[in-house]
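Data block below; observations after.
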Amino acid sequence: MLHVDRIVDLRAACAEARAAGKRVGVVPTMGFLHEGHRSLMRAAVAATDFVVVTIFVNPLQFGAGEDLDRYPRDLAGDLAACEAEHVSAVFAPSVAEMYPRPSLTTVHVRDLTAGLCGEARPTHFDGVTTVVAKLFNIVGPCTAFFGRKDAQQLAVVTRMVDDLNMPVEVVGCPIVREPDGVAMSSRNAYLSDADRGAARVLSHSLRGAVDAIVAGERDGERIAALVRNTVAGEPRVELEYVEVRDAHELTSAVVLDGSVLIALAARVGSTRLIDNARVDIDGARVTADLGVGGGFPCNAR
Ligand code: AMP
């Protein structure tokens, strides 16, 4: 496995792979890799021939007062995980390598970034799209793998690629959950034992919402209220938002039909967590996707 921290070296490695007829896959991450990241690596290894994992805690996507300085890091562990997943190359650049001087250029996706997490984190998605655009320009034509855990990020990056004709195919992969249903996240490392237990209410509230839709509920506001009520029963968790949206356009879903995203963000202690469920409704037929793991037998109905 190649380990590079210079842009020129990654660009050359990807160009060489493509020249040899290989399909390039890329998995952008902020490191402290867990099973969710590893599922993206496995999808990339299965679908492409030269897989690059990028590890970069991108300062641009953290707001003032957020957790940039204490974000968990473990490069040695991350390299071992990438090696075990048969990744071809790891790109772990320094901040100075990615931003040798202040970037005067920002990639901004309108509308899709305005609500949901964009409300509390108004500069976050510009940071994400700017760094992902840089990575795509360095890697070149590729297939890029993102988790549906960050559903808004996936929608925003997909739209950026489409709007700007980037030579990239974006693939969304299922949310990977802990056995008790909590969505895996590098930020779970911040949680005390009590908060980690309390965090279960988030996935359980989504599960309740999905069950209600399967049982016939089609009112978006009533589904949101169901989630609010469930989360309110756990005093350690403060819901920031729950929204029921069209899964592609992220517009409000009032009467539920087609592809629906139920997305939430919450504070558990001082840690901000996000989670979501996707539901596809075709008349009385409902297909729910809460991800994998987590003992959610209602994934498909
Ligand atoms: P991060 O390191 O948190 O920036 O995440 C890097 C990539 O891994 C993003 O595409 C995330 O959506 C994805 N990811 C993070 N957690 C999970 C999870 N539990 N299941 C699936 N994908 C995930």
Extreme residue, surrounded by the fewest Cβ atoms within 10 Å (Cβ to Cβ), among residues of the stretch 102-134 that are hydroxyl-bearing (S, T, Y), modelled with pLDDT of 95 or more and under 20 Å from I55 (Cβ atoms)
T130
Which numbered condition in (1) farther than 17 Å from R177 by Cβ; (2) buried (at least 19 other Cβ atoms within 10 Å of the Cβ); (3) under 23 Å from the mean Cα position of the chain (by Cα); (4) not β-branched (V, I, T) is the only one that L10 fails?
(3)
Can we say V8 is within 15 Å of the ligand (Cβ to nearest atom) and either without any contact (Cβ under 8 Å) to a residue 12 or more places away in the chain or closer than 17 Å to P93 by Cβ (or both)?
no
Scanning the stretch 267-277 for residues that are out of contact with any Ser or Thr (no Cβ under 7 Å at 6 or more places or on another chain) and surrounded by fewer than 24 Cβ atoms within 10 Å (Cβ to Cβ) gives R267, S270, T271, R272, I274
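Yes/no per residue for (1) in contact with a helix residue (DSSP H, G or I) (Cβ under 6 Å, 6 or more places away or on another chain); (2) under 25 Å from C14 (Cβ atoms); (3) of a type outside the set (G, A, S); (4) away from the ligand (no atom under 16 Å from the Cβ):
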position	(1), (2), (3), (4)
P93	no, yes, yes, no
A114	no, no, no, yes
E119	no, no, yes, yes
V128	yes, yes, yes, no
Looking only at the stretch 13-31, count how many residues are among the hydrophobic types (A, V, I, L, M, F, W, C) and surrounded by fewer than 15 Cβ atoms within 10 Å (Cβ to Cβ).
3
Identify all residues within the stretch 278-301 that are buried (at least 19 other Cβ atoms within 10 Å of the Cβ), of a type outside the set (G, A, S) and modelled with pLDDT under 95; write none if there are none.
F296
Limited to the stretch 127-150, what total is found for residues that are of a type outside the set (V, I, T), over 15 Å from the mean Cα position of the chain (by Cα) and under 17 Å from M30 (Cα atoms)?
4
At least 2 residues that are near the ligand (Cβ under 10 Å from one of its atoms) in each: list the helices (runs of 4 or more DSSP H) lying fully within the stretch 146-232 that qualify.
151-163
Can you spot a residue in the stretch 55-68 that is on the phi > 0 side of the Ramachandran plot and touching a residue at least 40 places away in the same chain (Cβ under 8 Å)?
no
Of those in the stretch 233-263 that are part of a strand (DSSP E or B) and of a type in the set (G, A, S), the residue nearest to Q153 (Cα to Cα) is A263
Restricting to the stretch 159-170, name every residue that is under 19 Å from L250 (Cβ atoms) and either free of Cβ contacts under 8 Å to residues at least 12 places away in the same chain or buried (at least 18 other Cβ atoms within 10 Å of the Cβ) (or both).
R159, M160, V161, D162, V170
Of the residues in the stretch 47-65, how many are away from the ligand (no atom under 11 Å from the Cβ) and either at pLDDT below 95 or out of contact with any strand residue (DSSP E or B) (no Cβ under 9 Å at 6 or more places or on another chain) (or both)?
6
Can you tell me which residues in the stretch 32-46 are closer than 18 Å to L2 by Cα, near the ligand (Cβ under 10 Å from one of its atoms) and crowded, with 22+ Cβ neighbours inside 10 Å?
L33, M41
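The values are calculated or read from the model by the stated rules, or taken from the named source; none is laboratory data. In this text, all values refer to a predicted model and were calculated from it rather than measured experimentally. Counting neighbours? That spans all protein chains shown, and the Cβs are built from the backbone with ideal geometry, glycine included.
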